[in-house]
1. From G167, G99, G151, grab the single residue that is open to solvent by 30 Å² or more (accessible area, probe 1.4 Å) and either more than 17 Å from K181 (Cα to Cα) or in contact with a Phe, Trp or Tyr (Cβ under 8 Å, 6 or more places away or on another chain) (or both).
2. Is it the case that region 129-136 has a residue that's under 15 Å from T103 (Cα atoms), part of a loop (DSSP other than H, G, I, E, B) and either without any contact (Cβ under 8 Å) to a residue 60 or more places away in the chain or open to solvent by 10 Å² or more (accessible area, probe 1.4 Å) (or both)?
3. Would you please name the residue that is farthest from C317 (Cα to Cα), looking only at residues in region 189-209 that are assigned to a strand (DSSP E or B) and either under 12 Å from the mean Cα position of the chain (by Cα) or among the basic types (K, R) (or both)?
4. Identify, please: which residue in region 57-103 is in contact with a strand residue (DSSP E or B) (Cβ under 7 Å, 6 or more places away or on another chain) and among the charged types (D, E, K, R) and is, among those, farthest from G239 (Cα to Cα)?
5. Can you find a residue in region 274-296 that is open to solvent by 50 Å² or more (accessible area, probe 1.4 Å), closer than 20 Å to S188 by Cα and free of Cβ contacts under 8 Å to residues at least 12 places away in the same chain?
6. Quick one: in region 66-81, which of the residues that are surrounded by fewer than 20 Cβ atoms within 10 Å (Cβ to Cβ) and in a loop (DSSP other than H, G, I, E, B) is farthest from the chain's Cα centre (by Cα)?
7. Which of the following residues is touching a residue at least 40 places away in the same chain (Cβ under 8 Å) and within 15 Å of the chain's Cα centre (by Cα): L56, L44?
Amino acid sequence: MANDANSKQFKRIRDWMDVPGRFNPGALNSITDVPGVTCAHVTLNNNAEILTGLTLISPCDGDVFLNPLPAAVAVGNGFGKLAGALQVEEMGTLESLIGLTNTLSVGAVMQGLVEYHASNLPPDYNSINVIVGETNDSLLNDIRGGHVKPGHVAEAVSLLSKGVAEGSVGAGAGTVCFGYKGGIGTASRVIPKVITEEDTDFTIGALVQSNYGGSLNIYGRRIPKPEKQYEADKNPENGSCMIIVMTDAPLSSRQLKRLAKRGLIGMTNTGSIMSSGSGDFCIAASNCPKNRLRRERRGQDFYYLSDTQLNPFFEACADAVQEALYNSLTMAACAARGGNYYQGLNLALHLT
């Protein structure tokens, strides 16, 4: 592929430039810097019609159903299908792994997650709220073909690890962003204990599935759209973005709702207006062990940070999401289907 000829292209944004912000990334600069979080991709690519996949995030150690996490969802623009969001909103908890895929494969991934969790459910439980987000990858994928199957969830579970591939992988295999090839990106930030006056540092990690439009800017530098415009891309400002934010900080579901809104700020900082045809969602969850629910107990003590301590977390969340989105672009390989060709973002062409 054309982009592969330039080995300098596939670099994360920090390899291209200094990234502003007062908080440093974690060791991996990834959502998996949050203790207990792992990730996996299954990518389907036959180099002709199929370019799609599944990305799976395991949010914690142990069984997330038996010990759910405080969680919340923020909606930027609701033109999308985030399965399970209403119960998260109602109950303030996350009780399943999180799946990302294409729009028409949400049902298949839901079924796969149900099958995975059902084998571990206690005998007296016959329901689980699985979470599956999506973006529409039909510009580069035969989306109607139903190529993602429930069995791909089990495959992804077997691949869960701390290493997170970025770019044209998993649920980001066929996505497009700002007229360039989009994909999966991740980043993290560490909030030092000296700032929070708590006993330990805390980490915020973000993972994104970028498939939206607007006017791309990278830390104030406007990046032009590719010269070639695509006939099939009738509304290039539309699209969608899924954002997953994890933290080990002791935050309540109400506070996580506020944090999730700042994840959407990270998206708008890249140049999106969250257009009318865009489905933009941010899920935020905390896997702080102190605050995981215990289904077998009627009462439980919790410890949450004060709202007056949240500003550094808001800042870190927006910064991590913004960087993750840039990584999703700079790590993506070009892709073609039919008359559509989308190039990866090679910043060597735009930086002087």
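The values are calculated or read from the model by the stated rules, or taken from the named source; none is laboratory data. Here the structure is a predicted model, which means the values were calculated and not measured. With ideal geometry, Cβ positions are generated from the backbone for all residues, glycine too; neighbour counts draw on all protein chains shown. For accessibility, only protein heavy atoms count, side chains too; no ligands or nucleic acids. Shrake-Rupley method; radii C 1.70, N 1.55, O 1.52, S 1.80 Å.
1. Values: G167 fails: open to solvent by 30 Å² or more (accessible area, probe 1.4 Å); G99 fails: open to solvent by 30 Å² or more (accessible area, probe 1.4 Å).
One residue alone meets the criteria, G151.
2. Quick first cut of region 129-136, residues under 15 Å from T103 (Cα atoms) only: 131-136.
Of the ones still in play, those that are also part of a loop (DSSP other than H, G, I, E, B) are 136.
Checking which are either without any contact (Cβ under 8 Å) to a residue 60 or more places away in the chain or open to solvent by 10 Å² or more (accessible area, probe 1.4 Å) (or both) leaves us with 136.
Within region 129-136 (the criterion being under 15 Å from T103 (Cα atoms), part of a loop (DSSP other than H, G, I, E, B) and either without any contact (Cβ under 8 Å) to a residue 60 or more places away in the chain or open to solvent by 10 Å² or more (accessible area, probe 1.4 Å) (or both)), the answer is yes, since at least one residue qualifies.
3. Filtering region 189-209 for residues assigned to a strand (DSSP E or B) gives 189-191, 202-209.
Still in the list and also either under 12 Å from the mean Cα position of the chain (by Cα) or among the basic types (K, R) (or both): 189, 205-209.
Numbers: R189: 8, G205: 8, A206: 8, L207: 11, V208: 12, Q209: 16 Å.
Here the residue is Q209.
4. Per the stated criteria, the residue is E89.
5. Residues of region 274-296 open to solvent by 50 Å² or more (accessible area, probe 1.4 Å): 276, 289-290, 293-296.
Retained after the next criterion (residues that are closer than 20 Å to S188 by Cα): 289.
This time we only want the ones that are free of Cβ contacts under 8 Å to residues at least 12 places away in the same chain, so: 289.
Yes, region 274-296 has at least one match.
6. Ranking the qualifying residues of region 66-81, first place goes to L66.
7. Numbers: L44 fails: within 15 Å of the chain's Cα centre (by Cα).
Criteria check complete, one pass: L56.
To keep it simple, each residue is scored yes or no on (1) within 17 Å of the chain's Cα centre (by Cα); (2) closer than 30 Å to G62 by Cα; (3) part of a loop (DSSP other than H, G, I, E, B).
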| residue | (1), (2), (3) |
| --- | --- |
| L293 | no, yes, yes |
| D319 | yes, yes, no |
| A324 | yes, yes, no |
| N327 | yes, yes, no |
| A333 | no, no, yes |
